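Just below is one structure, and these are the notes that go with it.
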Amino acid sequence: MNKKITNEHILGLIYILIAAFFFSLMTLFIRLAGDVPTFQKAFFRNAFAAVLAIILLARSDEGFKIKKGSLPFLFFRAGFGVIGIITNFWAIDHLVLSDANILNKMSPFFAIIISVWILKEVPTRFEWGCVVFAFIGAIFVVHPTSGLASFPALVGLFSGLCAGTAYVFVRRLGTHKERGPVIVCFFSTFSSLVLLPPMLATYQPMSLKQWIFLILCGLSATGGQLGITAAYTHAPAKEISVFDYAQVVFAAIWGLVIFGEIPDIYSIIGYAIIIVTAIVKWYHGLHDLN
């Protein structure tokens, strides 16, 4: 393959790792924000991202211009994205947290499946195998319980489906050459408007520390959204989705450094599986591109 394709592949890999890093920071700051209603956290997470994206667009040469033909895909991306957020948070409220997390982490599988249908990007057996092994590693880390066999678990699984589908439409917008800040701004603004009513209904006053942590959460979410948007703009899901599981490893690092949480043997096995799978996938990708 030519150098251009090689560069696109590497950029996609780098951006998805950046996204995983920022999304892990986002979850850290959500936890540090403490006892704040879920919809309140979700609203401010997206509202701050919307404000930052608007500033980026206002300072750009093209401003708020949307490419012709992008609008339907922007609505699909935003619609599936906000449904994914709402169902994920609902599942978090009705499941063991680890169960909700692992079900949402089905999104890379769904991204590959949906991209076959929408983008005609067919993965190889090796690529499927990498995603399966990374998911097995995530299962070791989060220790799912018997609660997976329940209606809330189906809702949690649906959140993963919506998230994966949203990523596919990000990829579709990328192949349409739509700008990343436009995609992030549209989604963040759309989701903020949808989350505003339940946020107001459950709102509770916050301390200065909670405001600071939610602002940091919003900044991290913006970095994660820009990263994931750039990643799927530059490379197909089948090539880079396995690296999305790096977020699990980053989150473990924050847990150890900030909260003194020492992982057990199962978590260590999971981290090893995820890291080794990512390295093998990276090496295999470079070999194919040379």
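The values are calculated or read from the model by the stated rules, or taken from the named source; none is laboratory data. Just so we're clear, the structure is a prediction, and the values are computed from it rather than from any experiment. Counting neighbours? That spans all protein chains shown, and the Cβs are built from the backbone with ideal geometry, glycine included. Please note that ligands, DNA and RNA were not included when accessible areas were found on the heavy atoms of the full protein model with its side chains. Shrake-Rupley method; radii C 1.70, N 1.55, O 1.52, S 1.80 Å.
In order along the range 273-282, the phi-based Karplus estimate (6.51 cos²θ - 1.76 cosθ + 1.60, θ = phi - 60°) of 3J(HN,Hα) comes to 4, 5, 5, 5, 4, 5, 5, 4, 5, 4 Hz; Gly and Pro are listed as x.
If you build a Gaussian network model of the chain, linking Cα atoms that sit under 10 Å apart, which residue out of Ala58, Ala163, Ala237 swings the most? Evaluated over the chain, the most mobile residue of the options is Ala58. From the largest down, the range 2-131 spans 52, 43, 27 angstrom on the principal axes of its Cα atoms. Of the residues Gln210, Cys185, Val276, the one whose Cα sits farthest towards the positive end of the charge dipole of the chain is Cys185 (charges of +1 on Lys and Arg Cβ, -1 on Asp and Glu Cβ, taken about the Cα centre). With N the number of residues in the range 81-177, Rg(Cα) / (2.2 N^0.38 Å) evaluates to 1.12. A cut-off under 13 angstrom between Cβ atoms defines the neighbours of Ile66, and their net charge, with Lys, Arg +1 and Asp, Glu -1, is +4. Contact order normalised by length for the range 131-285, with contacts defined as Cα pairs under 8 Å and 6 or more residues apart; what percent is it? This gives 52 percent for the range 131-285. Just how far, in whole angstrom, is the range 219-290 from the range 104-165 if you go by their alpha carbon centroids? The distance from the Cα centre of the range 104-165 to that of the range 219-290 comes to 14 Å. A simple rule links phi to the HN-Hα coupling: the Karplus curve 6.51 cos²θ - 1.76 cosθ + 1.60 with θ = phi - 60°, which for the range 170-178 gives 4, 4, 4, 5, x, 5, 8, 6, 6 Hz, with x for Gly and Pro.
Only Cα pairs under 8 Å and 6+ residues apart enter the sum, and on that basis the relative contact order of the chain stands at 41 percent. Against the compact-protein benchmark of 2.2 N^0.38 Å, the Cα-based radius of gyration of the range 104-156 scales to 1.32.
Ligands, DNA and RNA left out, the 1.4 Å accessible surface of the range 53-93 is 67% carbon and sulfur atoms. State the percentage of accessible surface on the range 226-290 attributable to carbon and sulfur atoms; use a 1.4 Å probe and exclude ligands, DNA and RNA. Here it works out to 73 percent.
Each residue of the range 131-140 was assigned a 3J(HN,Hα) from its phi angle through the Karplus expression (A = 6.51, B = -1.76, C = 1.60, θ = phi - 60°), giving 5, 4, 5, 5, 5, 4, x, 5, 4, 4 Hz with x at Gly and Pro.
Taking Arg59, Arg171, Arg45 in turn, the Gaussian network model of the chain (Cα-Cα springs below 10 Å) assigns the largest fluctuation to Arg59. In the context of the full set of protein chains, residues of the range 206-290 present 46 Å² of accessible surface per residue (probe radius 1.4 Å, heavy atoms only). Neighbours of Leu216 by Cβ distance under 13 Å: Lys/Arg scored +1, Asp/Glu scored -1, total +4. Its alpha carbons give the range 191-290 an Rg and a Dmax of 18.4, 56 Å.
Placing unit charges on the Cβ atoms of the charged side chains and taking the dipole of the range 56-148 about its Cα centre, the candidate lying farthest along the positive direction among Ala111, Ile139, Ile85 is Ala111.
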